[in-house]
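This report refers to the structure that appears directly beneath it.
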Amino acid sequence: MILDVQNFLFSDFLPTFLHIQWPEAIYKWRHKLPMEECTLTLLSERLEYYKTNKVPIVCTFHNKLPHSNPSKFDQRAYELIYGEADIIVHHGENSIKLIKEEFPATTKSKHIICPHGPYTKIPYSSQGARQKYKIPNQKFSFLFFGRMRKNKGVNFAGSVFQNFKNKQHCFFSVGPSQHKNILAKFEEKTEKATPTLYQNYSILKQKFFASENKRIFHKSILPSEIPEIMAASDVVFLGHLDGINSGVLALGISYGKPVVFPNLGNFQEQAKGWEWYEVYEPGNIESAVSALNRMMKRLNNNFSPGQVIIDNTKWYDLNSWDIHVDRIQSTIKKIVNSNYSS
């Protein structure tokens, strides 16, 4: 990226346009600024600098607030940044109403819908992946994937699969745990300090403590591991209790996998062009189990475990990154021509 956070905060460089993906990335990710009034003043001054110099400001609306422990400062920072946006990018129509209600200053912004594009699919042997993660050959594996934040419904997902009585399923959960109990801390430290020991420990854990329909790996995920995790999976399950968009949903479809998800935010619109999904009522265990049963019936009628790969060409065509970029660029040109031409 030409601008990046440091240039945004301290440089006099003027880009063609400024695109902010995650507001909190500016002040509390790599660059940790004090969560105080002076930082809000700095943000305000920098945004004003770009507006004064006729640089259009684009924001993508991923979330109302940061995922983890949002504060009053986060609320004010989001209000400030979104409120100064000329263009706000959405992955579906539902979030347009949501952001206008949450941040009234955005009613003056131009709101556009740009699809969340696909992730790069890297082929990997399903048989080898299932062997690595000890997925039983006769069972369909349902992947619960990513950083185990509270909003992703970690406990909810566990309850759903406890109540899912179909013996042909395997609950396959992979991702770093946010619950720092003694065991989680041990696993985290071992994974970082002694990867080989961690791998052997994980194998023993699955052998002696996992049931036939459960495989759980509390571990950080390297990008290079994603293809094998997807290859070991038949279906992607989302347990979100709240949310607007989901990269995991797009990831699953990118790999040609069926998805089961709650009816939240833009989730269903993100699946536009994809027929292999089932939806359930958020936070409702019975509804989620019903969705899993519907999906299992469809799987049994069409596939065997470990062989679930579906043509996603139609979804790719409707949700390409080219469409995403073209809509942003064309909207920027209109903004420049109408607002900044003088």
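Please verify whether the range 48-57 includes one or more residues that are open to solvent by 50 Å² or more (accessible area, probe 1.4 Å), out of contact with any Leu (no Cβ under 9 Å at 6 or more places or on another chain), of a type in the set (Ser, Thr, Tyr) and in contact (Cβ under 8 Å) with a residue 60 or more places away in the chain. No, that holds for no residue.
Scanning the range 110-144 for residues that are under 28 Å from Lys297 (Cβ atoms), of a type in the set (Gly, Ala, Ser) and not in a strand (DSSP E or B) gives Ser125, Ser126, Ala129.
Reported count of residues in the range 145-172, each being open to solvent by 10 Å² or more (accessible area, probe 1.4 Å) and in a strand (DSSP E or B), is 2. Within the range 1-25, the residues that satisfy the criterion of being of a type outside the set (D, E, K, R), in contact (Cβ under 8 Å) with a residue 40 or more places away in the chain and closer than 23 Å to Ser68 by Cα are His19, Ile20, Gln21, Trp22, Pro23.
When residues of the range 230-276 are filtered for being β-branched (Val, Ile, Thr), closer than 13 Å to Gly146 by Cα and open to solvent by less than 10 Å² (accessible area, probe 1.4 Å), how many remain?
1
Just to be sure, is Ile309 at pLDDT below 95, of a type outside the set (Asp, Glu) and open to solvent by 20 Å² or more (accessible area, probe 1.4 Å)? The answer is yes for Ile309. Might you let me know whether the range 28-46 holds any residue that is surrounded by 15 or more Cβ atoms within 10 Å (Cβ to Cβ) and part of a loop (DSSP other than H, G, I, E, B)? Yes - at least one qualifying residue is present in the range 28-46. Against the numbered list (1) over 20 Å from the mean Cα position of the chain (by Cα); (2) at pLDDT 95 or above; (3) open to solvent by less than 10 Å² (accessible area, probe 1.4 Å); (4) outside the structural domain of Ile328 (by the TED database), Ala77 comes up short only at (4).
The values are calculated or read from the model by the stated rules, or taken from the named source; none is laboratory data. Source: prediction; values computed, not measured. All Cβ positions, even for glycine, are placed from backbone atoms using ideal geometry, and neighbour counts span all protein chains on display. Accessible surface areas use protein heavy atoms only, side chains included; no ligands, DNA or RNA. Shrake-Rupley method; radii C 1.70, N 1.55, O 1.52, S 1.80 Å.
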